[in-house]
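**Student:** One structure, as C-alpha cells, below. Some questions next.
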Amino acid sequence: MDDAGRAAPVASSPPHGFSSFNLARSGVFDVEWSASPDGADKYRLPTAVVDALPEMPGALLFVPAPVEHAPRSGLLLLWTQPAVPTPLVEHVRLLASSVASTLAARREAVRQVAMRDQFNDLLESVPSGIVLFDGDGQSAMINERAAALLACSSGSHRASDLAAPMRALRQRCDNHAELETTYAAQVGNVHYAAIHHWVLGDRTYEVDTHPVSGDGQHGRIWLFTDVTAELRIAAKLRGLAQSDPLTGLPNRRHFEEHSIQILTAAGAAARIVALLMVDVDHFKRINDTHGHPVGDAVLKAVAGRCNDVLRDGDLFARFGGEEFIGMLTIATENEVAVVAERLRCNR
C-alpha cells in the first residue's frame, strides 16, 4: 500500500482476482489496532473488497505489517460469520513479521524483475554489441547485437559458456595474432581496460573492455561497436587532405611529411636521396591560348606519365601550379640523370 492508501493485493484466502483498491477513506488507518477485531459496519470498505465476499462482512481486523517504501502495508482479515475464531485472533499478531517479510521479499522480487526488464531494454537500445560478465564470475548477459557476432542466443548465459564464442570471434579476425598477444599480456589482471580494433573482413569493430564501475571484482563489460563507416570516412578525409584533387598525386603537405621519413630511412641505410623538380614549360601560354580545361588536362597527363616512369617506392607530388617534385632513393648518383631524362622525354 502506498502513502495515499492505494493497495495492490498480494494474495487472498480464499483466492480471488482482486483489482487494486483504495483504503484511504475506509477508516482502517484511524484506529489503534489490537488483537481484537472490530465491527465491519464502522468502516467504509471498497466495493472491490465487498464484492469478493459471499456476503457483507461482520467483523474486521487489520494487522499492520510495514515494509520499506510501503509503511502502511498489512494484513486485512474479514469475517462474514458472526463468530470470530479466537485462537486465530490471538495469534494473528505473530504473523505480522512474517507478513512484512513476505511483502518485502515480493516487492524486491517485483523490483528486480522491473529492473531486469529495463536493463534488457537498455541493452537492446544501445547500437553496440554488449557482453556483461557479473562479478561472481558465474553468469553473463549479452544483447542481440553481441549474440549475432558470437553466434549464440541473446539473454543470460553461464560465463563459462561464452568463453569459447569470444575466443572463436577473436580468432576469426584478420589481426588475430596481434590481438592474441595484446590480451595474453593482461591475463590475471582483472582491472585492465583497453580499446582495440577487431578486423573481420570488410568490417571493423572497436572493442572496448573495462571493469564495471572501475573495479574488476564487480564484473567486466565488452562493447562491440561497428566503426567501419567512420573509419572509411576518416580515411577518405585524410586522403583529401593529403592529395591533389586534380591530378590525384600527393600534395605539398603530404610530400613534406613523408620526405622526412624517406630521409631518415635512407640515412639509416647509408643510401643516396635525390630531389627532382619538374616544371611544365610555357604553361601560362597553354591556359591563355586553349583555356583552363585544356591546362588541367595537360597537368593530369604530365602526372600520369611521370608516375609511369618512377618506381612504386619513389615519392612524387604536385608542388604547386605546374610544378611537380620527386624524391628518390638511389644506389649511385648516376641514376639521377637517367631518371630525370626519362621524365623529360616520356611523351
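The values are calculated or read from the model by the stated rules, or taken from the named source; none is laboratory data. Since the model is a prediction, treat every value here as computed from it, not as a measurement. We work out accessible area using only protein heavy atoms, side chains counted, and drop any ligands, DNA or RNA first. Shrake-Rupley method; radii C 1.70, N 1.55, O 1.52, S 1.80 Å.
**Student:** D for the chain, whole µm²/s, Stokes-Einstein with Kirkwood Rh over alpha-carbon pairs at 25 °C and 0.890 mPa s: what number?
**Tutor:** Reported coefficient: 85 µm²/s.
**Student:** Per residue Cα convex hull volume for region 140-188, in cubic angstrom?
**Tutor:** Dividing the Cα hull volume of region 140-188 by its residues yields 80 Å³.
**Student:** Take the alpha carbon gyration tensor of region 235-347, find the square roots of its eigenvalues, order them as a ≥ b ≥ c, and report rounded if a/c is under 1.5; if not, report prolate when a/b exceeds b/c, else oblate.
**Tutor:** Oblate is the answer for region 235-347, as a/c is 1.5 or above yet b/c matches or exceeds a/b.
**Student:** How large is the translational diffusion coefficient of region 138-257 in µm² per second when you combine the Kirkwood radius over alpha carbon pairs with Stokes-Einstein at 37 °C and 0.692 mPa s?
**Tutor:** Here the translational diffusion coefficient equals 196 µm²/s.
**Student:** If you don't mind, there's one more thing I want to ask. Which of the lysines could a cross-linker span from K236 if the Cα-Cα distance has to be under 26 Å and same-chain partners fewer than 8 positions apart are dropped?
**Tutor:** K300
**Student:** Over region 228-307, what is the mean sequence separation of C-alpha contacts under 8 Å (at least six apart), divided by residue count, expressed as relative contact order in percent?
**Tutor:** This gives 23 percent for region 228-307.
**Student:** Using Cα-Cα distances under 8 Å and only pairs 6 or more residues apart, what relative contact order does the chain have, in percent?
**Tutor:** 9
**Student:** Just the number, please: carbon plus sulfur as a percent of the accessible area of the chain, 1.4 Å probe, no ligands or DNA/RNA counted.
**Tutor:** 55
**Student:** Keeping all protein chains in place, calculate the accessible area per residue for the chain (probe 1.4 angstrom), answer in Å².
**Tutor:** Averaged over the residues of the chain, the accessible area is 60 Å².
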